[in-house]
Amino acid sequence: MKSILLPLTIMSALAMPTMANANDSVDKISIKNAHQLRDTALKAHLGFDIVESLTVEVGPRLAGTTADLVAVAWAEDKFKALGFDKIYKQPVEVRHWERGFAKASVVSPYPQPLAITALGDSVATPKGGLRGELVFFDSVDELRHSDPKDVKGKIVYIDARMHRHLEGKEYGTTVAGRSIGSSVASEKGAIGLMIRSVGTDSSRMPHTGNMNYQEGVKKIPAGAISTSDAMMLMAMKKRGKAITINMELETKAYKPKTSYNVIGEITGSKYPDEYILIGAHLDSWDEGTGALDDGAGVGIVMAAAHAIKQFNPKRTIRVVLFANEEGGLIGAKEYRKANAKELHKIKLAGESDFGARNIWRFDSQVHPDNLDVMAHINKVLKPLSINSGNNKAGGGPDVSILPEKGVPVFSLRQNGTDYFDYHHTPNDTLDKVNPTELAQNVAAWAVVAYIAAQADEKLLALPKKKTK
Ligand SMILES: [Zn+2]
């Protein structure tokens, strides 16, 4: 499917407005406070300072590694320093995998190096590398429909492309080659997988990311080459000669380790047992410093909750820094399981995990009777150039598994135009975070969480979806 970049004004016209008016469900003093909270947060630097602290003092923090536990300790200390009322952590069993060096080259017909990285969880190649002829596919679907005779004994190459998009739209479809490509290739007898990086940049920085080996299928090594090398390789293919490559990926799998969801709360003054959950994930890939993914989210939600504290919220603000999102929502699944009996107490939830650029739209997924509260939020967000969106929000990766349990969610949609230029590369670093745009995020998150915390009407669970 071809995607078109639409200007912001058209995008917002396409978004369904939430059909409700702001009534007296939120008292006037709280609305006044929300304006003040927004304006103060917009001028503050705390969000950026937190991202700086995490990326400088911890740096890369791949789940299962020592650095991951340093990040957990960092988060507890930071919550303490910011004066959160209650700080605790919840154990999560995570995969522990680490990479060594990665090297690849075209052996023939036109020898030259390729910039490559191993996909997360990939098995290692033999010492000296894996040598084989490439067989080309545009997508994992094309590979799935191919004749095993064409694949057997070869290294599968998938050239799935994605383009820059405000909402990062093609990621979901493009990423299939990365996540399941190796098992699909292996089932057809391939000896390795190489993919074009799932990214929108034009650079020699390959993008890593999670992959899943299917049970019972032989594990073959999998790597991603940079988009620049992908273009060169496709041009080489046009010359009609068989292409042989050598790729050497050094990786090591260890025993599973214990990591933690780290949680900090600002206790509610009137409804302490009702929670507004704002989250981000603490883990990151190992190649960059995880400034955008998801240091920014960590800075945004911690700073937003800290700002709300001065206004003594009625409901409890719960900040959850999820463990091992990158391994496949591992911390989030544990959170949902461990809190199964308490999920009805979460009155609204959202996760910030799409970088650090400005927010342009607010979406919710709440009970229709609570749309009036969302209307109050929309009004206070408006001066931040945030449009009102629809009532079909997903909530962000780690909280996306909560609506099926009735938990209402929201999404503050960020400009993701260049997010996939840096995503999961060595280039995901602090210099990509613009303090002014980050402060707009903090202001918006503070407004949403605070107004939801102040609503005097009951915040209801999502209506049960009719099952087919
Ligand atoms: Zn992320």
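Determine which aspartates and glutamates satisfy two conditions relative to K219: a Cα distance under 16 Å, and not lying fewer than 8 residues away in the same chain.
Counting by Cα, and skipping residues close in sequence, K219 has these aspartates and glutamates nearby: D121, E187, E248, E250.
Evaluate E = 1/(1 + (r/R0)^6) for N23 and K86, where r is the Cβ-Cβ distance and R0 equals 25 Å; express this FRET efficiency to the nearest 0.05.
It comes out at approximately 0.15.
Give the aspartates and glutamates reachable from K379 as a straight Cα distance under 16 Å; neighbours fewer than 8 places away on the same chain don't count.
D24, D27, D39, D363
Describe numerically, in nm with one decimal, the distance between label points set 7 Å from Cα along Cα→Cβ at K464 and at V217.
3.6 nm
Please get the size of the charge dipole for the range 366-451, origin at its Cα centre, with Cβ charges of +1 on Lys and Arg and -1 on Asp and Glu, quoted in debye to the nearest 20.
In debye, rounded to 20, the range 366-451 gives about 300.
Shape call for the range 113-227 from the C-alpha gyration tensor, a ≥ b ≥ c root eigenvalues: rounded (a/c under 1.5), prolate (a/b greater than b/c) or oblate?
The shape class here is prolate.
Can you pick out the pairs among K252/K333; K341/K458; K188/K432 whose Cα atoms lie more than 31 Å from each other?
As for pairs spanning more than 31 Å Cα to Cα, those are K188/K432.
May I ask for the net charge around G297, where only other residues with Cβ less than 9 Å from the Cβ of G297 are counted and Lys, Arg are +1 while Asp, Glu are -1?
Local charge sum for G297: -4.
I need the calculated FRET efficiency for the pair T40 and H145, taking r as the beta carbon distance and R₀ as 60 Å, to the nearest 0.05.
Efficiency computed from Cβ-Cβ geometry: 0.60.
In debye to the nearest 20, how big a dipole does the chain give about its Cα centre with +1 on each Lys and Arg Cβ and -1 on each Asp and Glu Cβ?
For the chain, the charge dipole is close to 940 debye.
Using +1 at the Cβ of each Lys and Arg and -1 at the Cβ of each Asp and Glu in the chain, identify which of A280, S139, H423 lies farthest towards the dipole's positive end.
Positive-end residue among those listed: S139.
Can you find, among A291, T125, W97, the residue sitting farthest towards the positive end of the charge dipole of the chain, where Lys and Arg contribute +1 and Asp and Glu -1 at Cβ?
Checked the options; the winner is T125.
Out of the GluC sites (Glu not before Pro) in the range 183-283, which ones are loop residues according to DSSP with at most 12 other C-beta atoms within 10 Å?
Those satisfying the criteria are E215.
Just to confirm the filter: which chymotrypsin sites (Phe, Trp or Tyr not before Pro) across the range 185-288 are DSSP coil and have at most 16 other Cβ within 10 angstrom of their Cβ?
In loop regions of the range 185-288 (DSSP not H, G, I, E or B), the sparsely surrounded chymotrypsin sites (Phe, Trp or Tyr not before Pro) are Y254.
To the nearest 0.05, how large is the calculated FRET efficiency for M231 and E98 if R₀ is 35 Å and r is the Cβ-Cβ distance?
Step by step, r from the Cβ atoms, then E = 0.70.
Determine the distance separating the Cα centre of the range 425-446 from the Cα centre of the range 160-184; give it in Å without decimals.
Computed from Cα coordinates, the inter-centre distance equals 24 Å.
My understanding is that a pair violates if its Cα-Cα distance is over 20 Å; which of K149/K218; K103/K241; K127/K154; K169/K347 do that in this structure?
Beyond 20 Å: K103/K241; K169/K347.
Looking at the range 254-365, what % of its DSSP beta bridges pair antiparallel, to the nearest 5?
Counting only bridges with both partners in the range 254-365, antiparallel ones make up about 30 percent.
222 nm [θ] for the chain, helices only, -39500 (n - 2.57) per DSSP H run of 4+, per residue, to 500?
One gets -9000 deg cm²/dmol as the mean residue ellipticity at 222 nm.
How big is the dipole moment of the range 107-210 about its Cα centre under a simple scheme where the beta carbon of each Lys and Arg is +1, that of each Asp and Glu is -1, and everything else is neutral? Debye, nearest 20, please.
300 debye
Have a look at the DSSP beta bridges in the chain and tell me what percent are antiparallel, nearest 5.
That works out to approximately 55 percent antiparallel.
GluC sites (Glu not before Pro), restricted to the range 368-468: which are DSSP loop and have at most 14 other Cβ atoms within 10 Å?
Those satisfying the criteria are E457.
Straight distance only, please: which aspartates and glutamates reach the Cα of K255 with their own Cα at less than 12 Å, same-chain residues fewer than 8 apart left out?
Filter leaves E93, E98.
No lab work stands behind these numbers, since they all come straight from the coordinates. Quick caveat, the model's predicted, so the values are computed rather than measured. In this analysis, Cβ positions are derived from the backbone assuming ideal geometry, glycine residues included, and neighbour counts consider all displayed protein chains.
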